[in-house]
1. Identify all residues within segment 71-114 that are more than 13 Å from the chain's Cα centre (by Cα), basic (Lys, Arg) and within 17 Å of Arg19 (Cα to Cα); write none if there are none.
2. Looking at segment 17-26, which of its residues are exposed (fewer than 15 other Cβ atoms within 10 Å of the Cβ) and under 17 Å from Thr111 (Cα atoms)?
3. Is it the case, given these coordinates, that Arg55 is in contact with a strand residue (DSSP E or B) (Cβ under 6 Å, 6 or more places away or on another chain), of a type in the set (Lys, Arg) and touching a residue at least 12 places away in the same chain (Cβ under 8 Å)?
4. Working only within segment 83-95, note down all residues that are farther than 16 Å from Tyr59 by Cα and surrounded by 15 or more Cβ atoms within 10 Å (Cβ to Cβ).
5. Every residue in segment 27-48 that is at pLDDT below 95 and open to solvent by less than 60 Å² (accessible area, probe 1.4 Å), please.
6. Within the group Leu98, Leu80, which residue is surrounded by 12 or more Cβ atoms within 10 Å (Cβ to Cβ) and under 21 Å from Val12 (Cα atoms)?
7. Here is a list: Thr52, Thr60, Thr77. Which entry is within 14 Å of Val2 (Cβ to Cβ) and among the hydroxyl-bearing types (Ser, Thr, Tyr)?
8. Out of Asp101, Asp89, report the one residue that is among the acidic types (Asp, Glu) and in contact (Cβ under 8 Å) with a residue 40 or more places away in the chain.
Amino acid sequence: QVQLVESGGGLVQPGGSLRLSCAASGIFFSIRAMGWYRQPTGKQRELVAQITSVRSTNYTDSVKGRFTISRDNAKNTVYLQMNSLKPEDTAVYYCNTLRGDWRWGQGTQVTVSS
């Protein structure tokens, strides 16, 4: 069973930056399209950024130009660089495949507040 461990969240002021990391165990990481998801309190989880095995990327409109997803297959890790953070970015952030078929990790809390 693949394990996903997210890290890098925290409290940041509006306009600030954070870099999230997601380390995956398992041998098939490099061939899977991966995504970063977020779930604000009381709301549904949404996909905000995705990256394919050949590093093609796509973003939801609300984060375009501010977030950058990347991956290091040698480290089985996917990253999310978040710049110009807004209060509405506050959520628990998770990574998973685009199918969401690996067991969800504990996520990492991102809070954007002054």
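The values are calculated or read from the model by the stated rules, or taken from the named source; none is laboratory data. None of the values given here were measured: they were computed from a predicted structure. All Cβ positions, even for glycine, are placed from backbone atoms using ideal geometry, and neighbour counts span all protein chains on display. Keep in mind that these areas ignore ligands, DNA and RNA; they rest on the heavy atoms of the full protein, side chains included. Shrake-Rupley method; radii C 1.70, N 1.55, O 1.52, S 1.80 Å.
1. Lys75, Lys86
2. Residues of segment 17-26 that are exposed (fewer than 15 other Cβ atoms within 10 Å of the Cβ), as a first pass: 17, 19, 25-26.
Ser17, Arg19, listed by residue number.
3. Details: in contact with a strand residue (DSSP E or B) (Cβ under 6 Å, 6 or more places away or on another chain): no; of a type in the set (Lys, Arg): yes; touching a residue at least 12 places away in the same chain (Cβ under 8 Å): yes.
Judged against the criteria, Arg55 is not a match.
4. Correct list: Thr90, Ala91, Val92.
5. Initial filter on segment 27-48 (at pLDDT below 95): 27-32.
Correct list: Phe29, Ser30, Arg32.
6. Working: Leu98 fails: under 21 Å from Val12 (Cα atoms).
Checking each option against the conditions leaves just Leu80.
7. Details: Thr52 fails: within 14 Å of Val2 (Cβ to Cβ); Thr60 fails: within 14 Å of Val2 (Cβ to Cβ).
Just one listed residue meets the conditions, Thr77.
8. Working: Asp101 fails: in contact (Cβ under 8 Å) with a residue 40 or more places away in the chain.
Among Asp101, Asp89, only Asp89 is among the acidic types (Asp, Glu) and in contact (Cβ under 8 Å) with a residue 40 or more places away in the chain.
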